[in-house]
1. Before rounding to the nearest 500, sum -39500 (n - 2.57) across all DSSP H runs of length at least 4 in the chain and divide by the residue total; then give [θ] at 222 nm in deg cm²/dmol.
2. Label the range 39-91 by shape, choosing from rounded, prolate and oblate, from the square roots a ≥ b ≥ c of the eigenvalues of the Cα gyration tensor; if a/c is under 1.5 it is rounded, and otherwise prolate applies when a/b is larger than b/c, oblate when it is not.
3. Take the chain, connect every pair of alpha-carbon atoms lying under 10 Å apart with a spring to form a Gaussian network, then pick out the residue of Pro151, Pro80, Pro47 with the largest mean-square fluctuation.
4. Of all alpha-carbon pairs in the range 46-129, indicate the percentage at a distance above 20 angstrom.
5. Which of the lysines could be linked to Lys140 by a straight reach, that is with a Cα gap under 21 Å, when you skip same-chain ones fewer than 8 residues away?
6. What translational D, rounded to a whole number of µm²/s, comes out for the range 118-213 from Stokes-Einstein when the hydrodynamic radius is the Kirkwood one over Cα pairs, at 20 °C and 1.002 mPa s?
7. Can you pull a Stokes-Einstein diffusion coefficient for the chain at 4 °C (1.567 mPa s), Rh from Kirkwood over Cα pairs, as a whole number of µm²/s?
8. Taking amide H atoms as placed 1.01 Å from N in the peptide plane, list the residues 5 or more away in sequence, or in a different chain, whose amide H sits under 5 Å from that of Leu178.
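Every read-out reported here was derived from the displayed coordinates using simple, explicitly stated rules and does not represent laboratory data. Keep in mind that what you see is a predicted model, and the values were worked out from it rather than measured.
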Amino acid sequence: MRTDAQAEAKREKRDIVSGEVMDEARLIRFVPGPDGTVTPDLARKLPGRGLWVAAERAAVEAAGKKNLFARAAKARLSAPADLADQVERLLRARLLAALGLARRAGELTSGFEKVSQAVTAGRAAWLVEAADGAQDGRRKLLAVCRRQPCPPRLIGVFTGEELSLALGLENVIHTAFLAGRASDRWTMDVLRFAGFRPLLPESWREEHPVTNGADAAPGVDSI
């Protein structure tokens with residue numbers, strides 16, 4: 001049976017920058033605002049004709065600088081100079097909000113011991129580590145992950161404060177997003193987010209080298 005995320009990924013649109021037809025999951029939808037300014041529509045629900053751009057910072061910046069939104073819409077449209085930054089901020093907020101929903105639905109666990117148990121049981125799709133967490137705890141969890149035949153993917157872009165606020169808990173450092181439909185949908189947004197910023201702090205790459213697994217998309221790190 002296909003998941004909702006898989007069904008969504010089957011829909012295709014044309015990227016106005018490259019002209020390539022690709023899955024919607026790899027694109028950002030924009031719509032013209034009332035004032036003629038293009039607005040990101042991450043949920044793909046705003047009214048108006050959608051203008052689709054690859055989920056990459058360079059592509060969004062090119063669409064704005066080369067006036068490609070106006071050309072595609074055949075209308076006078078303008079793009080804010082910080083449009084790519086807007087997309088990154090919106091995706092970041094969307095990812096955090098989804099973590100909060102997942103926690104309330106029982107699809108996410110946090111705390112060193114619970115996360116370690118979820119990883120060992122093969123239930124973790126993502127290891128979500130606070131960017132400002134201590135190296136020692138992260139190193140121990142990564143060692144547990146590497147012993148698994150199918151280790152979870154790793155993301156470390158949120159601070160402990162951001163994770164705590166999103167989950168409604170105190171001092172969140174280690175979190176596991178459990179495998180399932182919710183994590184599949186979250187993965188799609190992570191893949192888009194990865195086009196705008198690295199998913200790991202540079203210092204982590206020096207501490208704990210990672211490689212892209214065979215099933216990992218470009219920009220998404222496997223442990």
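1. Rounded to the nearest 500, the figure is -12000 deg cm²/dmol.
2. Here the range 39-91 falls in the oblate category.
3. Between Pro151, Pro80, Pro47, it is Pro47 that shows the largest mean-square fluctuation.
4. Here the tail beyond 20 Å accounts for 54 percent of pairs.
5. In chain and number order, the partners are Lys114.
6. On the way: Rh = 13.8 Å.
It diffuses with D of about 155 µm²/s by this estimate.
7. Working: Rh = 18.4 Å.
Once the numbers are plugged in, D ends up at 70 µm²/s.
8. Those qualifying (amide H under 5 Å, at least 5 residues apart or on another chain) are Leu108, Thr109, Ala125.
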